[in-house]
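S.K.: This is the structure I want to talk about, given as structure tokens.
Every read-out reported here was derived from the displayed coordinates using simple, explicitly stated rules and does not represent laboratory data. This is a predicted model, so every value here is computed, not measured. Backbone-built Cβ (ideal geometry, glycine too); neighbour counts: all protein chains shown.
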Amino acid sequence: MSGQYFLFGDIETGGLNGRLDNGRLGMEYYPIFELAFIVTDEHLNQIGLPLVIPIQQTNNQINKSDQWAITTHTQSGLLDKVRNSTTTLHSAEKEVIEYLKSLGIKPYDRKTRTGAVFAGNSIMFDRSFIMCQMPELHNYLHYRQLDISALAVAARAFNPELEKRAIAHKTYSHEALPDIQESIDELRLYKRYLAPETHFEKMFWDQRDTANELKRKVMMLEEENLILRKQLKQSTENLRGSE
């Protein structure tokens, strides 16, 4: 994937997607509070500086949020930033596009194979808000996405130890930039395992898996040994009782 760019993103909102009691969809009804983005190349090397934009929202817009969002974003201090922000969502959309242009990222074009691939955890949630409330940015990006959550689900099913290592560092703070950085770190671990860049990295992961398998077998032997010791103890007590 030479020349491929990834736009890692995280959007903090006033609620989840899905159809609400009022018939509206969350992605069109709930306000967007914060945008955060980090661009990387295909090797996950960061390009440029991160972009974080608190979005100006009125109290009426904020009050449309569900209670979980109000509580979480009040505790994190995000709603204070939102109330003090002077950047509208429309202005933020333009700023993100200019940010991409400044890093040499062109709009998506199938023929020329340009356009950044949107990436992150459960990224369809974020993309749905972009699609509905920032259509110009949506069209600027590649139509494909890299959802790290899909890798996590696969790892949980086929290699649970890998998933545990991949998410061990995560704090789930629901703050946009820290969430992105944790997602990139998670993807780096999957990348090292799935596509080692050197022979020595592959050896490391193979040895790690062998060590984990040996550890599992040792634990099984210890459990069997414990059961045998209990049985032996019980047999000894029974013999003494019969004397």
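S.K.: Can you compute 3J(HN,Hα) from phi for each residue in the stretch 74-89, using the Karplus curve 6.51 cos²θ - 1.76 cosθ + 1.60 with θ = phi - 60°, rounded to whole Hz and x for Gly and Pro?
M.R.: Result, ordered by residue: 6, 4, 7, x, 5, 5, 5, 5, 5, 5, 8, 6, 10, 9, 6, 5 Hz.
S.K.: Which aspartates and glutamates, on any chain, are close to K81 with Cα under 16 Å apart, when same-chain ones fewer than 8 places away are left out?
M.R.: Straight-distance partners of K81: E12, E34, E175.
S.K.: Under 8 Å for C-alpha pairs, at least 6 residues apart: give me the relative contact order for the stretch 6-194, rounded to a whole percent. All intermediate terms of the calculation are to be shown ahead of the outcome.
M.R.: Working: 307 pairs, mean separation 45.0, N = 189.
Reported as a whole number, the value is 24 percent.
S.K.: So, one more: With the chain treated as a Gaussian network of Cα nodes joined by springs under 10 Å, which of G104, G14, G26 yields the largest mean-square fluctuation?
M.R.: It is G104.
S.K.: In which sequence would K81, K101 go, from the one with the fewest C-beta neighbours within 10 Å to the one with the most?
M.R.: Numbers: K81 17, K101 12.
Listed from fewest to most nearby Cβ atoms, that is K101, K81.
S.K.: Let me ask another. Looking at (1) 21.0; (2) 18.9; (3) 26.8, which value of Kirkwood radius over Cα pairs in Å comes from a calculation on the structure shown?
M.R.: After the calculation, the listed value that fits is (1).
S.K.: Right, next: Picking from Y143, N45, L7, whose Cα lies most toward the positive end of the charge dipole for the chain (charges on Cβ: Lys, Arg +1; Asp, Glu -1)?
M.R.: Sorting the options by dipole projection puts first Y143.
S.K.: What ranking of F8, F125, F158 emerges when the number of other C-beta atoms within 10 Å of each C-beta is taken as an exposure proxy, fewest first? Could you put the intermediate results ahead of the total?
M.R.: Numbers: F8 27, F125 19, F158 9.
If I rank by nearby Cβ atoms, fewest first, I get F158, F125, F8.
S.K.: Name the long-range amide H neighbours of F118: under 5 Å, sequence gap of 5 or more, or other chain; modelled H, no Pro or chain starts.
M.R.: Correct list: L7, H142, L146.
S.K.: Right, something else. Using a Gaussian network model of the chain with C-alpha springs under 10 Å, which one of K94, K217, K164 is most mobile by mean-square fluctuation?
M.R.: Highest fluctuation among the options: K217.
S.K.: Let me ask something else about it. Please give the calculated 222 nm ellipticity per residue for the chain, where each DSSP H segment of at least 4 residues contributes -39500 (n - 2.57) and the sum is spread over every residue; nearest 500 deg cm²/dmol?
M.R.: Values: 11 runs with 137 residues, N = 243.
One gets -17500 deg cm²/dmol as the mean residue ellipticity at 222 nm.
S.K.: Within 14 Å, Cβ to Cβ, of S149, how many net charges do the neighbouring residues add up to if Lys/Arg are +1 and Asp/Glu are -1?
M.R.: Computed value for this residue: -4.
S.K.: Name the most mobile residue of V117, V218, V39, meaning the one with the largest mean-square fluctuation, in a Gaussian network model of the chain with Cα contacts below 10 Å.
M.R.: So, out of V117, V218, V39, the one fluctuating most is V218.
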